[in-house]
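Below is one structure; the comments refer to it alone.
Computed from the coordinates by the stated procedures, all read-outs in this text should not be read as laboratory data. In this text, all values refer to a predicted model and were calculated from it rather than measured experimentally. Cβ: placed from backbone, ideal geometry, glycine included. Neighbour counts: every protein chain shown.
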Amino acid sequence: MPKTVDREEQRRQIGAALLQLVAERGLDEVSVRTVAAATGRSPGAVQKYFRTKEEMLTFAAELAGERVERRMAEVDTALPLRQALRDLILTTLPVDAERRAEVTAQLAFAVHAAHHPRLAAVRRQVDQDIREALATWLESAGGETHATAVADAVIALSDGLALRMLYTPQEHEHLLTVLDRALDDLVRGHGTARHPRE
């Protein structure tokens with residue numbers, strides 16, 4: 001009896017390998033051939049799932065966004081607003097090997113998307129999904145009347161810290177202190193600006 005192949009699982013394995021390859025060697029090193037080698041497949045086998053490098057990049061960008069959204073969904077949003085926001089931002093920061101690989105890949109995708117409309121559309125959709133989910137939660141959790149603006153500020157803070165942490169890993173503790181101070185300012189009006197370590 002022929003072996004059943006889970007097409008979606010195969011695509012996800014290839015996408016995960018691409019993310020790791022980007023993190024380790026940079027986007028310039030990504031090709032059908034190099035991704036095939038990283039997954040132990042032939043280039044022809046990879047092209048059964050992705051015809052071009054651009055298709056692989058688009059799928060991998062969606063996969064990276066999905067991973068972030070999954071981690072964010074696991075945050076206990078019943079916590080005080082400030083702590084929950086801190087935990088949400090930490091899901092996006094390169095504080096461990098897996099997240100460092102994802103942030104490195106996401107940054108490479110963002111630069112690449114400036115010249116590739118299809119990848120840019122994926123990035124915009126992921127950003128929009130996160131923004132809407134965060135704004136909805138802010139409205140329900142804190143009665144925030146400017147939830148969309150606060151969501152944008154949180155995303156900008158997350159993006160900026162993630163970038164800084166990539167090239168200054170020795171400053172992680174300092175940058176987490178910066179995060180705490182910024183969150184204190186953001187939630188001051190809610191009466192929940194207590195330091196998470198207190």
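Counting Lys and Arg as +1 and Asp and Glu as -1 over every other residue whose Cβ lies under 14 Å from the Cβ of ARG118, the net charge comes to +1. In region 24-135, taking the dipole from charged Cβ atoms about the Cα centre, the farthest positive-side position among ALA78, LEU63, PRO117 is held by PRO117. Helical content alone sets the calculated 222 nm signal of the chain at -23500 deg cm²/dmol, taking -39,500 (n - 2.57) per DSSP H segment of four or more residues and averaging over every residue.
Summary: within the chain, the longest segment free of trypsin sites (Lys or Arg not before Pro) located in DSSP loops with at most 11 other C-beta atoms within 10 Å is 52-196. Its Cα centre serving as origin, the chain has a Cβ charge dipole (Lys and Arg +1, Asp and Glu -1) of approximately 720 debye. The ellipsoid equivalent to the alpha-carbon distribution of region 110-166 has semi-axes of 25, 15, 7 angstrom, derived from the gyration tensor eigenvalues as √(5λ) and listed largest first. For ASP184 and ALA45, the difference between the fully extended length at 0.36 nm per residue and the C-alpha to C-alpha distance is 44.9 nm.
Can you give the FRET efficiency to the nearest 0.05 for GLN170 and GLU98, using r as the Cβ-Cβ distance and R₀ = 22 Å? After rounding, the FRET efficiency stands at 0.65. How high is the FRET efficiency from GLU54 to THR136, r the C-beta distance, R0 22 Å, rounded to 0.05? Efficiency at R0 = 22 Å is approximately 0.10. Only Lys, Arg, Asp and Glu carry charge here, each on its Cβ (+1 for the first two, -1 for the last two); on that basis region 63-126 has a dipole of about 260 debye about its Cα centre. Between ARG124 and ASP6, the modelled label-to-label distance comes to 3.4 nm, taking each label 7 Å out from Cα in the direction of the beta carbon. The HN-Hα couplings worked out from phi for region 123-133 by the Karplus form 6.51 cos²θ - 1.76 cosθ + 1.60 (θ = phi - 60°) are 4, 4, 5, 4, 4, 5, 4, 5, 4, 5, 5 Hz, whole numbers, x standing for Gly and Pro. Computed from the C-alpha gyration tensor, the three semi-axes of the ellipsoid equivalent to the chain are 35, 18, 15 Å, from longest to shortest. As a length-normalised measure over Cα pairs under 8 Å and 6 or more apart, the relative contact order of the chain settles at 21 percent.
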